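Have a look at the structure below before the remarks.
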Amino acid sequence: MPCIVPIVEGHGEKDAVPLLLRRILALYEKWNWSVARPIQVGNLIKLKMKLSSFIKYALKYKDCAGILILLDLDDGCPAIENKNLTELINRLYLHCPVTIVFAHREYEAWFLASIEAIACDQNNKFPHNLVFTKDVESTRGVKEWLSSQLPSGYSYKPTVDQARLTNLIDINV
């Protein structure tokens, strides 16, 4: 069974990204694909410093048929950083495809695009009438904004909430 090996930034993404990928695979009826446990790299700088090692590690996964690099891009330009990273990857002469996805600003910004659907879920503490009207991709401090929408005593925690909220986003948005 062909396998996608994700390379991700943080602890929250280690649980969330496989769920997101499985939802996308199901949407396209790619039932014969599996998703490996992600490799956590920290950030773009750390990935670039040890790119060859991370890629070699990903290729050791059984049936690795593709690698997905998904990182937050706090301040950079996604197009420029994608081009730079692609050039580094091309020097490795790999036998399988590598796809690069940058979450502009942060992964949690994707929740903002689906905040109404997330707010309607009965298993969270967000107000059911919650909306987000600003530009999702230019917003900074999404984790803090999410925390500010919760009742007193609650806060958004990536290791606890990111996977659950990922299951609630509208992947058709």
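The values are calculated or read from the model by the stated rules, or taken from the named source; none is laboratory data. Quick caveat: nothing in here was measured; it's all calculated off a predicted structure. Cβ sites come from the backbone with ideal geometry, for glycine too, and all protein chains shown count toward neighbours.
For region 60-80, residues that are over 20 Å from Asn32 (Cβ atoms) and more than 16 Å from the chain's Cα centre (by Cα) total 6. Considering every residue within region 151-171, establish whether at least one is surrounded by 14 or more Cβ atoms within 10 Å (Cβ to Cβ), touching a Leu at 6+ places or on another chain (Cβ under 7 Å) and either of a type in the set (Asp, Glu) or free of Cβ contacts under 8 Å to residues at least 40 places away in the same chain (or both). No, that holds for no residue. Residue count for region 108-129 under the criterion of being in a loop (DSSP other than H, G, I, E, B) and in contact (Cβ under 8 Å) with a residue 12 or more places away in the chain: the result is 8.
Scanning region 142-160 for residues that are part of a helix (DSSP H, G or I) and of a type in the set (D, E, K, R) returns Lys143, Glu144. Residue count for region 24-48 satisfying the condition of being without any contact (Cβ under 8 Å) to a residue 12 or more places away in the chain and under 15 Å from Leu88 (Cβ atoms): 2. For region 140-173, the set of residues classified as hydroxyl-bearing (Ser, Thr, Tyr) and within 29 Å of Cys77 (Cα to Cα) consists of Ser147, Ser148, Tyr156, Thr159, Thr166, listed by residue number. Where residues in region 110-139 are loosely packed, with under 12 Cβ neighbours inside 10 Å and within 23 Å of Gly76 (Cβ to Cβ), which of them is farthest from the chain's Cα centre (by Cα)? My answer is Lys134. The residues on offer are Gly76, Gly10, and the sole one that is at pLDDT below 95 and touching a helix residue (DSSP H, G or I) at 6+ places or on another chain (Cβ under 7 Å) is Gly10.
Picking from residues in region 79-100 that are among the hydroxyl-bearing types (Ser, Thr, Tyr) and modelled with pLDDT of 95 or more, the one that is farthest from Glu137 (Cα to Cα) is Thr86. Looking only at region 90-98, decide whether some residue is in contact with an Asp or Glu (Cβ under 8 Å, 6 or more places away or on another chain) and part of a helix (DSSP H, G or I). Looking for residues that are in contact with an Asp or Glu (Cβ under 8 Å, 6 or more places away or on another chain) and part of a helix (DSSP H, G or I), one finds none in region 90-98, hence no. Give the number of residues within region 30-55 that are farther than 21 Å from Leu19 by Cα and assigned to a loop (DSSP other than H, G, I, E, B). Matching residues across region 30-55 total 1. Residues of region 60-81 that are in a helix (DSSP H, G or I) and either among the β-branched types (Val, Ile, Thr) or within 15 Å of Val8 (Cα to Cα) (or both): Ile80 alone.
For region 94-104, the criterion of being aromatic (Phe, Trp, Tyr), in contact (Cβ under 8 Å) with a residue 12 or more places away in the chain, in contact with a helix residue (DSSP H, G or I) (Cβ under 7 Å, 6 or more places away or on another chain) and surrounded by 13 or more Cβ atoms within 10 Å (Cβ to Cβ) is met by at least one residue.
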